[in-house]
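Data first, discussion second: the structure below is written as structure tokens.
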Amino acid sequence: MLPQEDAAFARWDEPTRSCLLALRQLLLDADPLVNATVKYGMPCYCYGKTAFCYLWTDKKTNDPYILFVEGRHLDHPELEAGDRARMKILRVDPRKDIPVERVRTVLQAALDLYRQGIVKARTR
């Protein structure tokens with residue numbers, strides 16, 4: 001893990017930190033072109049060189065979520081747009097088991113946007 005990534009995850013207490021770290025691993029395992037960085041102080045995951053999602057927490061509940069940059073192209077009942085025009089989030093309750101299959105399903109749909117060229121990705 002990069003030092004700035006360590007710092008980004010260190011700000012959270014348990015069980016939120018463990019949940020975010022588990023989500024991080026699911027993201028990194030999803031595709032060989034997925035890589036981690038930190039943008040705007042948030043853990044950011046890129047497909048090649050294009051940011052496709054972030055990990056963050058809700059300001060009120062402190063519950064983690066995955067923010068999908070091109071969420072407007074994703075149609076899944078668990079995704080929330082809120083007042084965002086482009087992005088959608090997938091909330092995860094850190095006090096329960098992570099719904100791994102649900103996360104993987106949405107994650108693969110998001111990655112397919114880039115793989116299929118629906119959203120342009122810089123891979124080099």
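Read-outs: derived from the displayed coordinates by stated rules, not from any lab. All figures in this text were calculated on a predicted structure; none of them were measured in a lab. So basically every Cβ, Gly included, is an ideal-geometry build from the backbone, and we count neighbours across all protein chains shown.
Spin-label model, Ala10/Arg91: points 7 Å from Cα along the beta carbon direction are separated by 3.0 nm.
Sorted into 10 angstrom bins from 0, the C-alpha pair distances of the range 47-102 split as 22, 53, 24, 1 percent. Here nothing in the chain passes the span test, since no DSSP H helix has an alpha carbon length of 24 Å or more along the helix axis and a Kyte-Doolittle mean of -1.0 or above. The value obtained for the range 3-115, namely the Cα convex hull volume divided by the number of residues, is 103 Å³ per residue.
Only helices enter this figure: runs of n ≥ 4 DSSP H residues, each worth -39500 (n - 2.57), summed and divided by the residues of the chain, yield -9500 deg cm²/dmol at 222 nm to the nearest 500. Across the range 83-124, the volume of the C-alpha convex hull divided among the residues equals 108 Å³ per residue.
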